[in-house]
Amino acid sequence: MNTASLSEIGLVERWLLASRPKTLLASLVPVFVGGSIAIFNNVFHGPAFAIALICSALIQVGTNFTNDLFDHLTGKDTEKRVGPTRAVSSGLIKVSEMRFAVYFTFGLSFVLGLYLVYLGGWIILLIGIVSIFAGVAYTAGPFPLAYNGLGDIFVFLFFGFVGTVGTYYVQALEFSWLAFWASIPVGALITNILVVNNYRDRIEDRQNGKNTLAVKFGAKFTRIQYVTFMVLSYSVLFLVYVTFKQSLLIFLPLISLPLAVKLIVMIYNLEGTELNKALELTAKLSAIYGILFAIGILI
């Protein structure tokens, strides 16, 4: 965006831009899948599900705000940036305003999460604190996870295992192996959003000292990582079918397979800003797969 177009953006639009609403699917899908398993096992708890959904979205937004703020403060965002416009570095939102937004968003998620602690005990309190800490440490602090090759692990664990299994646990108050296995494709496909992002930005990130896995191991490794997560995601369906629910409906996510193949072709043939479309479609794939998976579990 040029300076003139930025000045025309209203207050609400500025905060929407900073919150990156397109990324919110990543925080909602694991909760929906965990909720569908709770319904399948007759342990669904509406209030717990709703609070888990809200807290997950708030932590995602808080992480986005933190990322926007600290990429600006550390000079990671430059004029050569090929990704979406950042609110602080572009001058749309002041540093002091974004700091307050970070505190407020994470603080609200903690307060609302106390209801889940009331239901699930100290382990939920621990998960909540670690989730908020990880959201901040993703791009802030002396050892930012995202810029030291740990971003992929963070996303896989928190948007896969923690989001899916945690949602089930606060309703059933017990562990579920079905939720565990379901968390693998959920986490893998959401991680692939980050993989595309890092693959697109690898040259810029190398110049700015962002040591993502794409920077550390190169383009070939990143493409293989992307394909591996795709294959893993669709393979888990067969394990779930054999072990938990012998219904062909569990294979509903296979409807999204053509999109997955298209994306693999794209990541092998596109570069730079051309990958913005692949990034958008990867996010949509994770949502489509997750919704179809949840439906397959429910019916």
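All of the numbers you see were taken from the coordinates with simple rules; none came from a lab. The structure displayed is predicted, hence computed values, not measured ones. Ideal geometry is used to build each Cβ from the backbone, glycine not excepted, and the neighbour counts take in all protein chains shown.
Listed values, structure above:
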read-out: Qualifying trypsin sites (Lys or Arg not before Pro) for region 59-168 [loop in DSSP, other Cβ within 10 Å: at most 13]; value: K80, K94
read-out: Inter-site label distance for L298 and I123 at 7 Å from Cα along Cβ, in nm; value: 2.6
read-out: Phi to ³J(HN,Hα) by Karplus 6.51 cos²θ - 1.76 cosθ + 1.60 over region 43-58, Hz, x for Gly, Pro; value: 10, 4, 10, x, x, 5, 4, 5, 5, 4, 5, 5, 5, 4, 5, 5
read-out: In degrees, nearest ten, helix 163-172 long axis to first principal axis of the chain (Cα); value: 40
read-out: Exposure proxy order (Cβ contacts within 10 Å, fewest to most) of H72, H45; value: H45, H72
read-out: Loop-located chymotrypsin sites (Phe, Trp or Tyr not before Pro) in region 231-271 whose Cβ has at most 14 other Cβ within 10 Å (DSSP); value: none
read-out: F100-L173 FRET efficiency (beta carbon distance; Förster radius 35 Å; 0.05 resolution); value: 0.45
read-out: Lysine pairs in region 3-298 with Cα atoms under 19 Å, if 8 or more residues apart or on separate chains; value: 11
read-out: Rounded to 10°, Cα long-axis angle of helix 24-40 versus longest principal axis of the chain; value: 10
read-out: Under the Karplus curve 6.51 cos²θ - 1.76 cosθ + 1.60, θ = phi - 60°, whole-Hz ³J(HN,Hα) for region 113-120, x wherever Gly or Pro sits; value: x, 4, 5, 5, 5, 4, 7, x
read-out: Relative contact order, percent, the chain [alpha-carbon distance under 8 Å, six or more residues apart]; value: 23
read-out: Distance-filtered residues of region 271-288 - backbone nitrogen under 18 Å, label point 7 angstrom along L257 Cα→Cβ; value: 285-286, 288
